[in-house]
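So the structure is just underneath, and the comments pick up after that.
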């Protein structure tokens, strides 16, 4: 059974109440529960985490090197600013699927640049909370050696 970390960054703890017109009404707890259930169906052991602090996210990525087979990461605003998280992903050598609730490419120009994308195996954005289960499916396929591209 592959172990997957679903890791969420800043402000995602406010899902369900934060800008529902952009991020929807689904809470982070609901997303985590859906990921756990979906993971079980796919033969994945899903662990979830969230932090508003860049260093805590980096620590979780580093810890995943020894504990996880892959990461589904929504780094929130750090996606567009954090070279440190990008370096942590490169250093951890754990496959990462980047996920975003909204389509970051259809939003403000500053959101179009992702520091995560160059070190991720793929990016899923614009499908709301469903993006997380899509990311789990993609990661499971990758771990099973399926060709994704």
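The values are calculated or read from the model by the stated rules, or taken from the named source; none is laboratory data. As the structure is a computational prediction, the values presented were derived from the model and not from experiment. Every residue, glycine as well, gets a Cβ built from its backbone with ideal geometry; the counts of neighbours run over all protein chains shown.
Among the residues making up the stretch 91-145, a single one is touching a residue at least 40 places away in the same chain (Cβ under 8 Å) and assigned to a strand (DSSP E or B): 97.
Scanning the stretch 53-68 for residues that are more than 14 Å from the chain's Cα centre (by Cα) and not in a helix (DSSP H, G or I) gives a single hit, 53.
Among the numbered conditions (1) closer than 27 Å to residue 21 by Cβ; (2) surrounded by fewer than 16 Cβ atoms within 10 Å (Cβ to Cβ); (3) in contact with a helix residue (DSSP H, G or I) (Cβ under 8 Å, 6 or more places away or on another chain); (4) at pLDDT 95 or above, the only one that residue 82 does not meet is (2). Of the residues making up the stretch 8-52, those that are in contact (Cβ under 8 Å) with a residue 24 or more places away in the chain, part of a helix (DSSP H, G or I) and over 26 Å from residue 88 (Cα atoms) are 22, 23, 30, 34, 38, 42.
Just give me the residues in the stretch 122-132 being within 13 Å of residue 72 (Cα to Cα) and either over 13 Å from the mean Cα position of the chain (by Cα) or surrounded by fewer than 19 Cβ atoms within 10 Å (Cβ to Cβ) (or both), in sequence order.
Result: 122, 130.
The set of residues in the stretch 89-117 that are over 14 Å from the mean Cα position of the chain (by Cα) and over 25 Å from residue 20 (Cβ atoms) comprises 90, 91, 92, 93, 113.
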